[in-house]
Amino acid sequence: MTVTTDLASYEDALATYDPVMGLEVHVELGTKTKMFCGCSTELGADANSQTCPVCLGLPGSLPVVNAIGVESAVKIGLALHCEIAEWCRFARKNYFYPDMPKNFQTSQYDEPIAFNGYLDVQLEDGEVFRVEIERAHMEEDTGKSTHVGGATGRIHGASHSLLDYNRAGIPLIEIVTKPIEGAGQRAPEVAKAYVAELRELIKALGVSEARMEMGQMRCDVNLSLRPHGTETFGTRSETKNVNSLRSVERAARYEIQRHAAVLSSGGTIVQETRHFHEEDGSTTAGRIKDNAEDYRYFPEPDLVPVAPAREWVEELRKGLPELPRVRRNRLREEWGVSEHDMQSILNAGAVDLIAATIEEGADAASARKWWMGELARSANESGRALDELAITPSQVARVTALVAAGDLNDKLARQVIDGVLKGEGDPDTVVEKRGLKVVSDEGALTAAVDEAIAANAAIADKIRSGKVAAAGALVGAVMKATRGQADAARVKELILQKLGVEG
């Protein structure tokens, strides 16, 4: 048992111990039907309406493997530089839990479809860290339990539980790393970067949307500590179902500090699962963690082995898309940005949005400017991801075109974007409805300049005497008079011409 719940400082923990991690990522595949039956995987259906005798585990029902699920598994394995098994089997993983209608999970054990790979991840300072992959295997998801009546939403303290088996049988790929050693104080950052890179890879392959906030991708963070200079792994904890990049990093950091506090005080780490708490980044004990032998794995007797033909595997390999890291390096060079800036774009989830905006005709600098500036601010204020905003790359490209044509200045463009986000229509419609077009009528601009000079005689005299910087005040007066719809550069030119001063 542990003897303390205190946390060591992160610096003290790393001064004494080396962290060793293992990351298990479950990816929900985007197939139309479940892994072993024809039930729909569509979200939002009434509870228990997407079930059948197979996914409910009723006697006499027989499963059939989803071919697209197998194909997706092979693609993931290839993208992770894995070896693809010539022959593999499914297995029954036996354990009792109410959301397991069969009382076992159809998975793979000692014969995974993909094994022995790696994924290179880039950290924020540009360092590349290689994470080695132990295996990627196929399995099915469980149902969903909703615990009612308690204060925490967990089973302890609940008055009753509701079970929805719509999710039971959804195809999953579980990707398991080999022990991640040598990351030192950067271990939490490596964990976050790995899951981020893996998510981008999964999305690029088109096998899943990998939306962590929707449970389509979730990570179990295994962590142990060992004293510096030793080789034997410490006892590990497994923080389950962490569902955001930030939380993966926080969970790893918290467990490093918790383990160090326990070990330094003479305590013993319990091998257990733990729950992560988003509100404060802490973890709490779940259940004592079983060893693999306790699951009583044995080959699934109702499914034939899977033997991917080598010719088919090679066809899939040739058809893989450009992988995310390769694509980012290419785009970084094309866009002329630094590695640091590209990392910021990646962290903001803006790579695909900027690329799509450029494809719609915008120049790279303008596309980056709007997505990483005004739109990133709007997303942050609304608590949404960039790709959840009510504006498309095509619409952003149209805004940049209007600015380039001189029909909008930056101030007006921000108002146009605001209108689009509020559902007022496309950029041209917003411009028309709000009357936002730049005033380009020379007569109107000249009249506004004359009025500003007449109303600010002292400032005009300063400009005539050579203090050109004072022209900013007159430009501001004209912009105010035209409700920000004048071209500021042209206004300044007219002011200096009127006052006989060279810019």
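Using the crude model of +1 on Lys and Arg Cβ and -1 on Asp and Glu Cβ, and no other charge, please compute the dipole size for the chain relative to its Cα centre, in debye to 20.
Charge dipole of the chain: 840 debye, to the nearest 20.
Give the residue from Val337, Gly30, Val20 lying farthest towards the positive end of the charge dipole for the chain; charges sit on Cβ (+1 for Lys and Arg, -1 for Asp and Glu) and the dipole is referred to the Cα centre.
Val337
For the pairs Lys178/Lys203; Lys178/Lys240; Lys411/Lys433; Lys203/Lys240; Lys32/Lys369, note any where the Cα-Cα span goes beyond 26 Å.
With Cα atoms farther than 26 Å apart: Lys32/Lys369.
State the extension gain, in nm to one decimal, for the chain segment bounded by Glu359 and His277, taking 0.36 nm per residue of separation less the distance between their alpha-carbons.
That works out to 25.4 nm of additional length.
Calculated from DSSP H runs of 4 or more alone, at -39500 (n - 2.57) each and per residue, what is the 222 nm mean residue ellipticity of the chain, nearest 500?
Calculated mean residue ellipticity at 222 nm is -11500 deg cm²/dmol.
Please sort by residue number the GluC sites (Glu not before Pro) in region 301-351 whose DSSP state is loop and whose Cβ has at most 12 other Cβ atoms within 10 Å.
Sites meeting the loop and neighbour criteria: Glu322.
Please give the length that would be gained between Met214 and Arg327 if that part of the chain were fully extended, namely 0.36 nm times their separation in residues minus their C-alpha to C-alpha distance (nm, one decimal).
38.1 nm
Compute the convex hull volume of the Cα atoms of region 336-434, divide it by the residue count, and report the result per residue in Å³ as a whole number.
Expressed per residue, the convex hull around the Cα atoms of region 336-434 is 90 Å³.
What residues have an amide H closer than 5 Å to that of Ser161, excluding those fewer than 5 places away on the same chain, when H is modeled at 1.01 Å from N in the peptide plane?
Distant-sequence amide H within range of Ser161: Val148.
How about region 321-420: which trypsin sites (Lys or Arg not before Pro) there lie in a loop by DSSP and see at most 15 other Cβ atoms within 10 Å?
Answer in residue order: Arg384.
Work out which helices of the chain, taken as complete DSSP H runs, extend at least 20 Å along their axis over the Cα atoms and score a mean Kyte-Doolittle of -0.5 or more, then list them.
Once both thresholds are applied, what remains is 187-205, 245-264.
The chain: D in µm²/s via Stokes-Einstein (Kirkwood Rh, Cα pairs, 10 °C, 1.306 mPa s)?
Diffusion coefficient, whole number: 59 µm²/s.
Once R0 is set to 56 Å, what does the formula 1/(1 + (r/R0)^6) return for the Cβ-Cβ distance between Glu381 and Glu231, expressed as a FRET efficiency to the nearest 0.05?
Computed FRET efficiency for Glu381 and Glu231 comes out at 0.65.
Using 0.36 nm per residue, how much length does the chain from Asp110 to Ser264 gain when fully extended, once their Cα-Cα distance is taken away?
Stretched fully, the Asp110-Ser264 segment lengthens by 51.8 nm.
In the chain, once you exclude exposed chymotrypsin sites (Phe, Trp or Tyr not before Pro) (DSSP loop, at most 10 other Cβ within 10 angstrom), what's the longest stretch remaining?
Looking at the chain, 97-503 is the longest stretch - no exposed chymotrypsin sites (Phe, Trp or Tyr not before Pro) with at most 10 other Cβ atoms within 10 Å.
Enumerate by residue number the GluC sites (Glu not before Pro) in region 182-262 meeting two conditions: DSSP loop (anything except H, G, I, E, B), and at most 16 other Cβ atoms within 10 Å of the site's Cβ.
Listed in order of number, the matching sites are Glu209, Glu231.
Every number here is computed from the coordinates shown, using simple stated rules; none is lab data. All of these numbers come straight from a predicted model, not from anything done at the bench. Neighbour counts run over all protein chains shown; Cβ positions are idealised from the backbone, glycine included.
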